[in-house]
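Here is the structure we will look at.
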Amino acid sequence: MYWRLVSFVVGQCLAALAGWWLAPDGDAEDGALMAMLLAAYAWVLLDALRGARLMRWLRDEPEAEPSLGSGLWGEASDRIRRLIRAQERLIAQSESRLHDFLAALQVSPNGVMLLDEQGRIEWFNQTSASHFGLSTPRDLLQHVGNLVREPGFVAYLAERDYRAGITMAGRENSSSKPVKLSVHIHPYGEGRSLLLSRDVTPLEQAEAMRRDFVANVSHEIRTPLTVLAGFVETMQTLPLDENERHRYLALMAQQSQRMQSLVNDLLTLSRLEGSPPPPVQEWVSVRGLMEQCEQDANDLSSVLWQRPHDLHVELQGEAEIAGAASELYSAMFNLVGNAVRYTPAAQRIDVAWRMLSDGGALFLVKDTGAGIAPEHIPRLTERFYRVDRSRSRETGGTGLGLAIVKHVSQRHGAELRIESVPGKGSTFSVQFPSHRVRLAHRPD
Ligand code: ADP
């Protein structure tokens, strides 16, 4: 500002001198005045032109930098340029932060959708897109209620009380592959909302399984309990002779035995689920396990059948398994016991232990019973799944045996395989991995 004043005053002085000098004799004063006036006009004109260039730059071409030299306008243009650069840097930083933020939301396992004041979709991540079947840019700025037509969701949206979320079917829900979503709207800012969605299908399935399990257990316990209660009432109210009393007591003992087996199997399953993995340093003799299985299978066979089975046990190699002896016995005997229970009297049953070339081993139970139709095989290890319900009950089955076998196998890194030909028989085998099997040294 100081230099601007100085330049104006210096210009005026020089113009006055020039006017004085050049004016005809006697008009020197008028000449000086005239020259000063002209110089002032010229100064103001030049100044206005420079100001106009700056204004044009600001208005029309912010990128092109005008060279206004030094002075007030030059300094003003420099400062404005610096301000614009700082502003651009800030915008770039904010954009990069926004980009990072959206990228983080994009990888979220939960669906995230932003809605404006009218409920129109402003942004959504990939998970949300797959939950609701949306796509960008087609569905941006569409009202969410027009795109997600599930009645539960439409009612929730209309309610405007979003404190509790809802559970609804996902876009890809089908009867063969159910998809359940938990959806919750969270209002924020001035009328905007955040719509979060989460795939809760596994949770819902676990909950359904838990409900089924409780219903099954209750049913399994209620049946023998009802029978027992009936016998107790009969014995209390009717005069029975000694024979009848004995018969009723035997039937009552059978029912309580059934409940006991069920409770034992339930406890085994819950122990399997709750206990740490079986040890890898404790070695269990396969011969010991097989001998115990053979003896118990013969006992069971003679209790259940009038003519016992033709049981063949073959042990290849003196092997040991790393794991929990009680679990391994339980799995092996469940398979041998099933063979005894589902194979008619006096027929052949083979139980074998075979070493495999990869260092692993196979425990195998082959029977000549009724066999199992292929459609049942994938479901046999489900809890309480039975092919022949009455046969299972008659022979003291709980419907939990193969679930236990599968669990024990998994805990020992082994795999249960089932092959069966209806009318011919079944083969159940458990294949142990090499790191769980070793050949034992025979004691001298
Ligand atoms: P259960 O206590 O009823 O025997 P399991 O879980 O051991 O329960 O077996 C499930 C079902 O698989 C049985 O109810 C039976 O129908 C069928 N099953 C199991 N083993 C055999 C077998 N060796 N032969 C024929 N069916 C079998």
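Under the convention that each Lys and Arg Cβ holds +1 and each Asp and Glu Cβ holds -1, the size of the dipole of the chain around its Cα centre is about 980 debye. Placing unit charges on each Cβ (+1 for Lys and Arg, -1 for Asp and Glu) gives the chain a dipole about its Cα centre, and among TRP73, GLN126, ALA322 the Cα reaching farthest toward its positive end belongs to ALA322. Residues in the range 271-386 average 48 Å² of solvent-accessible surface per residue, probe 1.4 Å, ligands and nucleic acids excluded.
Under a Gaussian network description of the chain, with springs only between Cα atoms under 10 Å, the residue in LEU83, LEU45, LEU272 that fluctuates furthest is LEU45. Loop-located trypsin sites (Lys or Arg not before Pro) across the range 80-155 with a Cβ neighbour count of 10 or fewer within 10 Å are ARG138, ARG149, with loop assigned by DSSP. Within the listed set ARG386, ARG56, ARG171, the Gaussian network model of the chain (springs between alpha-carbon atoms below 10 Å) gives the highest mean-square fluctuation for ARG56.
Here the extension length gained between ALA40 and ASP116 equals 21.4 nm, from 0.36 nm per residue of separation less the Cα-Cα distance.
log₁₀ I(q)/I(0) of the range 25-168 at q = 0.10, 0.13, 0.14, 0.21 Å⁻¹, via Debye over equal Cα point scatterers, no solvent, to two decimals? Computed log10 I(q)/I(0) values: -0.64, -0.79, -0.83, -1.24.
Against the criterion of solvent-accessible heavy-atom surface with a 1.4 angstrom probe, VAL217, VAL313, VAL44 sort, most first, into VAL44, VAL313, VAL217. For the range 277-444, the Cβ-based charge dipole about the Cα centre amounts to some 520 debye (Lys, Arg positive; Asp, Glu negative; other atoms uncharged).
Which is the longest part of the chain that has none of the GluC sites (Glu not before Pro) sitting in a DSSP loop with at most 16 other Cβ atoms within 10 Å? Of all site-free stretches, the longest is 191-281. Atom-type composition of the exposed protein surface of the chain places 57 percent of the accessible area on carbon and sulfur (1.4 angstrom probe). For the chain, find the longest principal axis of its Cα atoms and tell me its angle to the long axis of helix 325-342, 0 to 90°, nearest 10. Helix 325-342 sits roughly 60 degrees off the main axis of the chain.
Here the relative contact order of the chain, from alpha carbon pairs under 8 Å that lie six or more residues apart, stands at 9 percent. When nucleic acids and ligands are ignored and a 1.4 Å probe is applied, LEU98 ends up with an accessible area of around 100 Å². Taking GLY274, GLY119, GLY165 in turn, the Gaussian network model of the chain (Cα-Cα springs below 10 Å) assigns the largest fluctuation to GLY274. What is the Cα centroid distance between the range 304-359 and the range 32-50, reported in whole angstrom? A separation of 117 Å, based on Cα centres.
Work from the charge dipole of the range 219-275 (Cβ charges, +1 for Lys and Arg, -1 for Asp and Glu, about the Cα centre) and give the residue of VAL232, SER261, ALA250 farthest towards its positive end. With unit charges placed on the Cβ atoms, the residue in question is SER261.
The values are calculated or read from the model by the stated rules, or taken from the named source; none is laboratory data. These numbers were taken from a predicted model, which means no experiment stands behind them. When we count neighbours, we look across all protein chains shown, and the Cβ atoms used for this are built from the backbone with ideal geometry, even at glycine. Just so you know, the surface numbers come from the protein's heavy atoms only, side chains and all, with ligands and any DNA or RNA stripped out. Shrake-Rupley method; radii C 1.70, N 1.55, O 1.52, S 1.80 Å.
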